[in-house]
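First comes the structure, then the notes that go with it.
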Amino acid sequence: MSESQHRMSTRAVVVGGSLAGMLAAAALRDHVDTVEIIEAHDLPEGPESRPGVPQAAHFHVLLSGGANAIEELLPGAVEELLTAGAHRVPMTTNMVIHSPEGWYRRWQRDSHYLIAASRDLTDSVVRRQVVKDPRVNVRTRTRAIGLLGTARRVTGVRLRAADGAETELTADLVVDASGKSARTPQWLAELGISGLAEDRIDSGIAYASRIYRAPVPTRDWPVISVQADPRRGEPGRTGGIVPIEDDRWHVSLIGTPGAQPSREAAEFEPYARTLRHPIIADLLTRAEPLTDVAMTRSTTNRRYYYERLKSWPEGLVALGDSVAAFNPVYGHGMSVAALGALALRDRLATQGLTRGLARTTQRAIARPVDLAWSLAVGQDIHYATTQGRSASTADRLLQRYVSRLSRTATGSYHVATAMTEVLTLQSPGTALLRPGVLAAALIGPLRPQLDSPTFTPTERRLLAEAGVQMSEPVRQ
């Protein structure tokens, strides 16, 4: 009998079949014999909406830090996504951004980018790549209802099928990728593990989103963003247009309490005209609405600090929204999940299924979470309506520095590049404290501020041909 026949078969269980769960399976498949994905709902064959992902109605972007992680986990997936109609948008080369500090220039660079597509398309491409692997099996209409094992070691999960039948599934490693509804905190308590720290920071932001048929070809069309300015002491209004597959625009309008958008279709475009600049409202005048308005108020930043627990069981890892869910306005959720899955794969490659793997992996997963958390919460705490935490003196000083950086970035390629490296999760936040960046922020922008949207001559021609008339710039 060969050595491989003597070796015990190894199994990993992934709870949740959304993007984070599929990427976790991609991270695991080369390090165990089989991966079992436990999914409460049916999974669609193609790019269709999936129960359990209500946020899919709002625009999603995959930042280059996350896209690069997916490409490492699933070589060829990003190219397949682009072939299916997604857009690769260089930042800020192909973006028209009105920040609180002014219009960003469209600096020419290609190393930092985002992938713009519907969430359904992104999910379907990743899912197809993962489930075609014979080592990966998906159990749909099945729920994980508890952990097997002890506070020292998790040995599997208890399952409940659609017909109510309960079974046990043993595993060498269990990965919780079940999203915002994750029950791991309760499961840990049932094992006798206490002291889990949690943060909830809620700015009260509400989202209204709608998909339009674009009046212009969307290939190479820029992302449009008009951002709120929390320094003004008034309710914030934000909006964006993301080009997605099939010549469509995904449009989201976002407001804090006192300025929340409505789910009424007749009020969608008038709300867009109340933003700090009317560019989005202008562009929608010739766009054809394809869907009703989807609304959500589930935008709380929520984080569990698993990595801080005094004890952590062997055989258990959590990643994605199960660890931290972010206000979606910052577009970090999918990328943080991808970076967490890559951290899992890298720890497995280094340690294998050995003692201490779960603890070191959980700490590695926390690193990209730390950056995205600081970026999201660092903005949201400055709204007067935010609950869960208020801005301290240190927070206000940091905001002044970041605001100074953002103003400098409107006229400095060097600072704009440093900020984009961090915002795309490709560099840590400390990159903004490098001597060259500090010096540039002290000097300020090297070019005069722009006072109107930064459309190219070709884009202006396409808009004119479509009959879109742009309002005069609003000077703020």
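Values for this structure:
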read-out	value
Conditions (1) surrounded by fewer than 23 Cβ atoms within 10 Å (Cβ to Cβ); (2) in contact with a Lys or Arg (Cβ under 8 Å, 6 or more places away or on another chain); (3) of a type in the set (Ser, Thr, Tyr); (4) modelled with pLDDT of 90 or more; number of the one not met by residue 298	(4)
Residue in the stretch 415-449 that is modelled with the lowest pLDDT, counting only those that are surrounded by 17 or more Cβ atoms within 10 Å (Cβ to Cβ), within 29 Å of residue 68 (Cβ to Cβ) and more than 25 Å from the chain's Cα centre (by Cα)	441
Members of the stretch 114-152 found to be among the hydroxyl-bearing types (Ser, Thr, Tyr) and over 23 Å from residue 212 (Cβ atoms), listed by number	140, 142, 150
Unique residue being of a type in the set (A, V, I, L, M, F, W, C), in contact with a Lys or Arg (Cβ under 8 Å, 6 or more places away or on another chain) and closer than 19 Å to residue 95 by Cα when the list is 279, 244, 254	254
Entirely in the stretch 48-154, the helices (runs of 4 or more DSSP H) that have 1 or more residues that are among the acidic types (Asp, Glu), touching a helix residue (DSSP H, G or I) at 6+ places or on another chain (Cβ under 7 Å) and farther than 30 Å from residue 416 by Cβ	77-83, 119-131
Spans of strands (runs of 3 or more DSSP E) in the stretch 227-322 with at least 2 residues farther than 30 Å from residue 196 by Cα and aliphatic (A, V, I, L, M)	237-244, 248-255, 294-296
Single condition residue 264 does not satisfy, out of (1) at pLDDT 95 or above; (2) more than 26 Å from the chain's Cα centre (by Cα)	(1)
Given (1) within 26 Å of residue 81 (Cα to Cα); (2) buried (at least 23 other Cβ atoms within 10 Å of the Cβ), number of the condition residue 256 does not satisfy	(1)
Filter result (in contact with a Ser or Thr (Cβ under 9 Å, 6 or more places away or on another chain) and of a type in the set (Gly, Ala, Ser)) within the stretch 21-47	21, 40, 46
Selected residue (criterion: surrounded by the most Cβ atoms within 10 Å (Cβ to Cβ)) from residues of the stretch 259-289 that are of a type in the set (Lys, Arg) and touching a residue at least 60 places away in the same chain (Cβ under 8 Å)	276
Qualifying positions in the stretch 301-329 - closer than 16 Å to residue 180 by Cβ and surrounded by fewer than 20 Cβ atoms within 10 Å (Cβ to Cβ)	302
Test: residue 148 is surrounded by fewer than 20 Cβ atoms within 10 Å (Cβ to Cβ) and either in the same structural domain as residue 29 (by TED's automatic domain parsing) or not polar (S, T, N, Q) (or both)	yes
Which listed residue is touching a helix residue (DSSP H, G or I) at 6+ places or on another chain (Cβ under 8 Å), closer than 19 Å to residue 147 by Cβ, among the hydrophobic types (A, V, I, L, M, F, W, C) and in contact (Cβ under 8 Å) with a residue 12 or more places away in the chain, from 371, 375, 316, 353	316
Residue, modelled with the lowest pLDDT, within the stretch 200-218, restricted to residues that are exposed (fewer than 15 other Cβ atoms within 10 Å of the Cβ) and in contact with a strand residue (DSSP E or B) (Cβ under 9 Å, 6 or more places away or on another chain)	200
Every residue from the stretch 229-246 that is among the small types (Gly, Ala, Ser) and modelled with pLDDT of 85 or more	239, 240
Single condition residue 359 does not satisfy, out of (1) part of a helix (DSSP H, G or I); (2) touching a residue at least 12 places away in the same chain (Cβ under 8 Å); (3) surrounded by fewer than 18 Cβ atoms within 10 Å (Cβ to Cβ)	(3)
Breaking point among (1) buried (at least 22 other Cβ atoms within 10 Å of the Cβ); (2) in contact with a Gly (Cβ under 9 Å, 6 or more places away or on another chain); (3) over 30 Å from residue 385 (Cβ atoms), for residue 190	(1)
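One line per residue, one yes/no per condition, for (1) in contact with a Ser or Thr (Cβ under 7 Å, 6 or more places away or on another chain); (2) in the same structural domain as residue 31 (by TED's automatic domain parsing); (3) in contact (Cβ under 8 Å) with a residue 24 or more places away in the chain; (4) more than 30 Å from residue 154 (Cβ to Cβ):
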{"residue": "349", "(1), (2), (3), (4)": "no, yes, yes, no"}
{"residue": "385", "(1), (2), (3), (4)": "yes, no, yes, yes"}
{"residue": "396", "(1), (2), (3), (4)": "no, no, no, yes"}
{"residue": "405", "(1), (2), (3), (4)": "no, no, yes, yes"}
{"residue": "409", "(1), (2), (3), (4)": "no, no, yes, yes"}
{"residue": "430", "(1), (2), (3), (4)": "no, no, no, yes"}
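Residue by residue, here is whether (1) in the same structural domain as residue 179 (by TED's automatic domain parsing); (2) closer than 20 Å to residue 216 by Cβ holds:
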{"position": "250", "(1), (2)": "no, yes"}
{"position": "267", "(1), (2)": "no, no"}
{"position": "283", "(1), (2)": "no, yes"}
{"position": "289", "(1), (2)": "no, yes"}
{"position": "293", "(1), (2)": "no, no"}
{"position": "314", "(1), (2)": "yes, no"}
{"position": "320", "(1), (2)": "yes, no"}
{"position": "323", "(1), (2)": "yes, no"}
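The values are calculated or read from the model by the stated rules, or taken from the named source; none is laboratory data. Only a predicted model underlies this, so the values are computations on that prediction, with no experimental measurement involved. Using ideal geometry, Cβ is built from the backbone for each residue, glycine included, and neighbour counts are taken over all protein chains shown.
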